[in-house]
Amino acid sequence: MELLASGDVDLLYDTRQRLTLVSQRLEGKGLLGLLKKADRSFECVRPNGFRAANAGQFMVDLVIAPRPLHEAEPITFADQGLVDAEVPGLQWLLSVPPLEAVAIDEQGWPVPLRVPDPRAFAFHKAWLSQRMDREPVKKPRDLAQACAMARLIRDELPQFSFAEPLTALPKTLANVAALESTCGLADLARAGPKSHDQPA
């Protein structure tokens with residue numbers, strides 16, 4: 001539970017394509033306006049910042065993958081709203097085939113999600129935990145989340161095999177041996193296969 005109770009959520013916006021549904025819902029009052037519909041206490045933490053927080057200090061960050069230097073225009077959906085923050089490595093999560101999933105919230109309602117391949121998430125979190133510029137307080141949680149996801153894939157999601165390379169990720173990032181060693185998971189590369197009709 002402590003791996004999930006982080007007190008924040010990151011909204012990854014793909015700047016490569018126009019998200020019609022999002023742009024329609026955010027028109028006018030932007031992302032902050034949408035958050036206020038759920039909880040009126042949400043406010044921007046600082047003007048022109050990427051983070052909003054509510055009275056309970058639950059935070060929402062608007063994050064994007066790093067963009068080319070010539071694309072310097074900030075991403076925002078309204079005046080006085082949240083402005084994007086670039087996070088290293090997110091381009092890899094956007095490059096792997098996305099998965100459609102449905103979660104169940106605390107009140108029993110279905111919540112449709114569009115998420116990256118879970119193997120890419122595990123590799124990305126492990127990579128973040130080793131970066132020198134990562135906030136020290138976040139590194140242990142990054143690694144713990146990477147290991148928890150790798151363990152979940154190995155034990156419960158055999159359709160996702162670490163033996164199948166994720167070609168959208170750099171080889172230095174998708175290092176199965178390093179992930180296996182760091183997390184103490186035996187035979188991680190041989191987890192699952194069984195199905196070749198899943199995105200790799």
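Considering region 59-104, and only residues there that are surrounded by fewer than 16 Cβ atoms within 10 Å (Cβ to Cβ) and among the acidic types (Asp, Glu), the residue that is farthest from Leu128 (Cα to Cα) turns out to be Asp79. Considered as a group, the residues in region 48-60 that are in a loop (DSSP other than H, G, I, E, B) and over 14 Å from Ala85 (Cβ atoms) include one that is farthest from the chain's Cα centre (by Cα), and that residue is Ala55.
The residues listed here are Arg40, Arg51; of these, the one that is at pLDDT 85 or above, exposed (fewer than 14 other Cβ atoms within 10 Å of the Cβ) and more than 25 Å from Pro170 (Cα to Cα) is Arg40. Kindly evaluate Ala163 against the criterion of being within 17 Å of the chain's Cα centre (by Cα) and surrounded by 11 or more Cβ atoms within 10 Å (Cβ to Cβ). For Ala163, the condition - within 17 Å of the chain's Cα centre (by Cα) and surrounded by 11 or more Cβ atoms within 10 Å (Cβ to Cβ) - is not met. No other residue among Ala163, Ala168, Ala177, Ala146 is touching a residue at least 24 places away in the same chain (Cβ under 8 Å) and either over 19 Å from Pro97 (Cβ atoms) or among the acidic types (Asp, Glu) (or both) apart from Ala146.
Is region 191-200 home to any residue that is in contact with a Lys or Arg (Cβ under 7 Å, 6 or more places away or on another chain), under 20 Å from Pro66 (Cβ atoms), surrounded by 14 or more Cβ atoms within 10 Å (Cβ to Cβ) and at pLDDT below 90? No: zero hits. Please verify whether Leu166 is assigned to a loop (DSSP other than H, G, I, E, B) and either in contact with an Asp or Glu (Cβ under 6 Å, 6 or more places away or on another chain) or over 26 Å from Gly49 (Cβ atoms) (or both), treating the condition exactly as stated. Yes, satisfied. From the list Val137, Val63, Val102, the lone residue that is in a loop (DSSP other than H, G, I, E, B) and among the aliphatic types (A, V, I, L, M) is Val137. In the condition set (1) under 20 Å from the mean Cα position of the chain (by Cα); (2) modelled with pLDDT under 90; (3) not hydrophobic (A, V, I, L, M, F, W, C), Pro118 is compliant with all but (2). The set of residues from region 114-143 being touching a residue at least 60 places away in the same chain (Cβ under 8 Å) and either over 23 Å from Ala101 (Cβ atoms) or open to solvent by 40 Å² or more (accessible area, probe 1.4 Å) (or both) comprises just one member, Arg141.
The values are calculated or read from the model by the stated rules, or taken from the named source; none is laboratory data. As the structure is a prediction and not an experimental result, all values here were calculated from the model. Methodologically, a virtual Cβ is constructed for each residue, glycine included, from the backbone with ideal geometry; neighbour enumeration extends over all protein chains shown. Only protein heavy atoms, including side chains, enter the accessible area calculation; ligands, DNA and RNA are left aside. Shrake-Rupley method; radii C 1.70, N 1.55, O 1.52, S 1.80 Å.
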